[in-house]
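Here the structure is laid out as structure tokens; the discussion comes afterwards.
The values are calculated or read from the model by the stated rules, or taken from the named source; none is laboratory data. Model, not experiment: these values are computed from the prediction. Every residue, glycine among them, receives a Cβ derived from its backbone with ideal geometry; neighbour counts consider all protein chains shown.
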Amino acid sequence: MGIKVVATNRKARHDYEILETMEAGVVLTGTEIKSVREGKVSLKEGFALIRDGEVWLMDVNIAPYSHGHRDNHDPRRPRKLLLHRREIDRLQGKIQEKGWTLIPLKMYLKNNRAKVELALVRGKKKYDKRRDIAKRDAQRELQRALKGYR
């Protein structure tokens, strides 16, 4: 029983500085989990909020199930995340204190349960993004030079 990644937020590592990551379970309805198993999930605009001591996943689009009927789920509804109380309290302190935020990096199935990899992040400035791109380009040039040298 392995892990099957169904969606990733590829721009997150480009747009945000990641402090730490953690795994959280997701409370889903029947048609939602079927859509997740089909891989019809978009994490692009997603983020997480802590409200009344609970963590909620907002603006994550899980497409309506293709074989569903009139009781199909709302694609962008808030979904509750399952974390331990200590984790929630620690996250809430960091978010309030330092201006960090929570975003989903990827959604995957682990032992047939939907999980989200949440990241505590801070937005990068434009010059930080440029520096990262320059560093990546320099690394690529170095690899090319080493490959040609051998």
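I need the full set of residues from the range 65-90 which are surrounded by 13 or more Cβ atoms within 10 Å (Cβ to Cβ) and touching a residue at least 40 places away in the same chain (Cβ under 8 Å), in order please.
Once the filter is applied, which keeps residues that are surrounded by 13 or more Cβ atoms within 10 Å (Cβ to Cβ) and touching a residue at least 40 places away in the same chain (Cβ under 8 Å), the range 65-90 yields N72, H73, R79, K80, L81, L82, L83, E87.
Yes or no: R130 part of a strand (DSSP E or B) and more than 30 Å from S35 (Cβ to Cβ)?
Spelling it out, it is not the case that R130 is part of a strand (DSSP E or B) and more than 30 Å from S35 (Cβ to Cβ).
How many residues are outside any strand (DSSP E or B) and within 16 Å of R113 (Cα to Cα) when one looks only at the range 1-45?
The qualifying residues number 16.
I'd like to know if the range 46-56 contains one or more residues that are part of a loop (DSSP other than H, G, I, E, B), of a type in the set (A, V, I, L, M, F, W, C) and crowded, with 18+ Cβ neighbours inside 10 Å.
no
Sort out which residues of the range 35-45 are surrounded by 15 or more Cβ atoms within 10 Å (Cβ to Cβ) and of a type outside the set (D, E, K, R), and write them in order of number.
S35, V36, V41, S42, L43
Check whether at least one residue in the range 62-69 is closer than 24 Å to N111 by Cα, assigned to a loop (DSSP other than H, G, I, E, B), at pLDDT 90 or above and within 17 Å of the chain's Cα centre (by Cα), and report yes or no.
Looking through the range 62-69, none of the residues is closer than 24 Å to N111 by Cα, assigned to a loop (DSSP other than H, G, I, E, B), at pLDDT 90 or above and within 17 Å of the chain's Cα centre (by Cα).
What are the pairs, 6+ residues apart or on separate chains, where a residue within the range 47-64 that is closer than 15 Å to L102 by Cα has its Cβ under 7 Å from a residue that is part of a loop (DSSP other than H, G, I, E, B) and acidic (D, E)?
Correct list of pairs: F47/D59; D59/E45.
Of all residues in the range 91-126, how many are in a helix (DSSP H, G or I) and either surrounded by fewer than 20 Cβ atoms within 10 Å (Cβ to Cβ) or among the basic types (K, R) (or both)?
8
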